[in-house]
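Q: I have a structure here, written as structure tokens, and I will follow up with some questions on it.
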Amino acid sequence: NARPDAALVDLNLGEGPDLTVAQALRGRNVPFLFVTGYGASAIPETFADIPRIEKPAISGRVVQLLRRMLDG
């Protein structure tokens, strides 16, 4: 039940792209970014404002984006 400060979301949580987690995070106003092997076209326009990092992800870039999100 605790609200996370931020999150990383992988679109492929089973059988193809799934936005359930992203929708829940947005509904709870939790900042997040996508880390995915899918191209930008796999992400609906409603999530166009969410940063996306392609796999394989460079850990320094992930940390940098998370810091920006947490700093506001």
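Q: When you go through (1) open to solvent by less than 50 Å² (accessible area, probe 1.4 Å); (2) of a type in the set (A, V, I, L, M); (3) at pLDDT 90 or above one by one for L66, which number turns out not to apply?
A: (3)
Q: Checking A48 against (1) closer than 12 Å to A7 by Cα; (2) open to solvent by less than 90 Å² (accessible area, probe 1.4 Å), which test does it fail?
A: Checking A48 against (1) closer than 12 Å to A7 by Cα; (2) open to solvent by less than 90 Å² (accessible area, probe 1.4 Å), the one that fails is (1).
Matching residues to (1) more than 21 Å from D71 (Cβ to Cβ); (2) not aliphatic (A, V, I, L, M):
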| residue | (1), (2) |
| --- | --- |
| A6 | no, no |
| L11 | yes, no |
| G16 | yes, yes |
| T20 | yes, yes |
| R26 | no, yes |
| F32 | no, yes |
| A48 | yes, no |
| P51 | no, yes |
| E54 | yes, yes |
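The values are calculated or read from the model by the stated rules, or taken from the named source; none is laboratory data. Note that the structure is predicted; figures quoted are calculated from it, not measured. Quick reminder, even Gly has a Cβ in these numbers, built from the backbone with ideal geometry, and neighbours come from all protein chains shown. Ligands, DNA and RNA are excluded from the accessible area calculation, which covers all protein heavy atoms including side chains. Shrake-Rupley method; radii C 1.70, N 1.55, O 1.52, S 1.80 Å.
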